[in-house]
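Just so you know, all these numbers are worked out from the coordinates, no wet-lab data involved. Everything numeric here is computed off the predicted structure, so don't read it as measured data. Reconstructed Cβ throughout: ideal geometry from the backbone, glycine too, with neighbour counts over all protein chains shown.
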Amino acid sequence: MSFLAPAGTPISAGLFLNSLIRGATSGQTCAATLASRLAEHAGHEQAWLAVTGRAAMTLALRAMRDACDDPQRVEVIVPAYTCYSVPASALKAGLRPRLCDVDPATLSLRPEALERFDFSRVLAIVTANLYGLPNELTAVESLARRHGVWMLDDAAQALGARLDGRAVGSFGDAGLYSFDKGKNITSLEGGALVASNPQLRKVMQQLYQDAPASPGKDTLMRVAKLAAYSTLLRPGLYDMVRRLPGLGLGRTLYDETYPLQRYSPLLAGFALNLYGRLESLTRDRRTKADALMDGLQQLPGVQLITPLPQAQPAYARLPFLVRDAARRVEVITALETQGIGATASYPEALNNVPEIRRALPPEDLGMPGAEQVASRIVTLPTHAYCPADLPARVHALLKPLLGQ
Ligand SMILES: *Cc1c(COP(=O)(O)O)cnc(C)c1O
């Protein structure tokens, strides 16, 4: 059976070879070019490339702590519904995660909920921009400035998205990008941190220099995996792959044991080549998301996520909400049975992930907005392998379940 992966970026055989040769013959140059393109993209002075986005985020949070004179500031405010790697990065950096609830209508952190914090212990606020939908970044930025705390604009799923004409990842003091499997561009693994503040840059540069390079043997393994990824993402083969045990595809587990290493220059050819195609990739995903939404909005049982005014989302996936968790099981089963990779995204709000919950103060233990999202969200694929008739198929499949 043919099966559409939930997210991904197709890499043709030609692009694969070209990227591999670029990485193998001039990987350092590719990495330097990629770093300067990303810094420029976000309007920041400098970029650092790490083995994963979460490694880059961990180093950035450590740098923020080291560049802050007040040792009391150990709290990092994160959206209560986001990738588990975000609070894991805070804990791994020796900091304490705090949660800000999100608005199910927009998936953004609620600026009003941020106001309730006692900022005397806060070091930084992190955004989420999930699925490539910009959060209330302007409001968060002015709030962070007003309270004198760092802001890290997490654009791991939003490279190519904009708000008020500004790139997501450019708001606040630092921005994060990821090149993991389901992101806007991919080299299977990798991440970047961009920043301008001179003090922050100085500390970040030192931490980065002290971080080890990614070991050569891991790099060969990654290239083999990338070859497999670019082949097996094809709808004709993905169905077989997703059934293989031990791959853990699509599962979300809490983990703090990841290495803090620099990015492999061999992979830089892939990320640099795909960055060169970012505009057309983003345009294509946006067109596919718009067509899906045209069909979905006719179904009363679907609650679409409204992009903020002035937002140009990048739609790494298309999210929407259904009535409850029971209805969601039916929806995802119906879509998967027909070869459409729908997902329930992250299984829990962060306050309900045991490893995170035990680090939270009592006032962060209930997050009604995030809990609603966790139980009601569905995502649909928007990548280039999605055929033109996908919106019509999705609409027809979901009409009996969500048509009233
Ligand atoms: C994927 C992701 C990260 C972490 O990036 P990795 O490269 O997977 O480590 C951080 N934040 C968000 C919102 C993500 O989606």
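Net charge dipole, the range 51-117: roughly 300 debye, given to the nearest 20, about the Cα centre with Cβ charges of +1 for Lys and Arg and -1 for Asp and Glu. When restricted to Cα atoms, the range 5-59 yields an Rg and a Dmax of 13.7, 36 Å, respectively.
For the range 1-84, a crude dipole built from +1 on the beta carbon of Lys and Arg and -1 on the beta carbon of Asp and Glu, taken about the Cα centre, is about 320 debye to the nearest 20. Residues considered: 176, 143, 159. Largest GNM mean-square fluctuation over the chain, using C-alpha springs under 10 Å, is found at 143. The stretch between residue 251 and residue 105, if pulled fully straight at 0.36 nm per residue, gains 50.1 nm over its current Cα-Cα span. With contacts taken as Cα pairs under 8 Å at a separation of at least 6 residues, the chain carries a relative contact order of 26 percent. Ordering 60, 95, 387 by Cα displacement along the dipole of the chain toward the positive end leaves 387 in first place; charges were set at the Cβ atoms of Lys, Arg (+1) and Asp, Glu (-1). DSSP assigns beta bridges within the chain; of those with both partners inside it, close to 60 percent run antiparallel. Size descriptors for the range 175-221: radius of gyration and Dmax over Cα atoms are 13.2, 37 Å.
Taking amide H as placed 1.01 Å from N in the peptide plane, residue 151 has its amide H under 5 Å from the amide H of 125, 173, 174, each at least 5 places away in sequence or on another chain.
Count the DSSP beta bridges whose two residues both fall in the range 82-213, then state the antiparallel fraction as a percent rounded to the nearest 5.
Values: 8 of 14 bridges.
Roughly 55 percent of the DSSP beta bridges within the range 82-213 come out antiparallel.
Using only alpha-carbon positions in the range 82-175, the gyration tensor eigenvalues give semi-axes of 19, 15, 13 Å once each is multiplied by 5 and square-rooted (largest first). Overall, the chain carries a charge dipole of about 900 debye about its Cα centre when +1 sits on the Cβ of Lys and Arg and -1 on the Cβ of Asp and Glu, all other atoms neutral. If you build a Gaussian network model of the chain, linking Cα atoms that sit under 10 Å apart, which residue out of 285, 376, 242 swings the most? Sorting by GNM fluctuation, first place goes to 242. For the range 132-273, the residue among 172, 216, 140 whose Cα projects farthest onto the positive side of the dipole built from Cβ charges is 216. A compact globular protein would have a Cα radius of gyration near 2.2 N^0.38 Å; the ratio found for the chain is 0.94. Among the listed pairs 92/183; 202/225; 181/399, those whose Cα-Cα separation exceeds 29 Å are 202/225; 181/399. For the chain, adding -39500 (n - 2.57) for each run of n ≥ 4 DSSP H residues and dividing by the number of residues yields -13500 deg cm²/dmol at 222 nm. Under the combined filter of DSSP loop state and at most 10 neighbouring Cβ atoms within 10 Å, the range 41-132 retains none of its chymotrypsin sites (Phe, Trp or Tyr not before Pro). Taking Lys and Arg as +1 and Asp and Glu as -1, the other residues whose beta-carbon sits under 12 Å from that of residue 308 total -2. Per the Kirkwood formula applied to alpha carbons, the range 24-148 shows a radius of gyration over Rh ratio, Rg over Rh, of 1.00. Here, the range 132-232 yields an orientationally averaged convex hull projection of 7.8 nm² when only Cα atoms define the hull.
Electrostatic tally near residue 29: other residues with Cβ closer than 15 Å to its Cβ, Lys and Arg +1, Asp and Glu -1, net +2.
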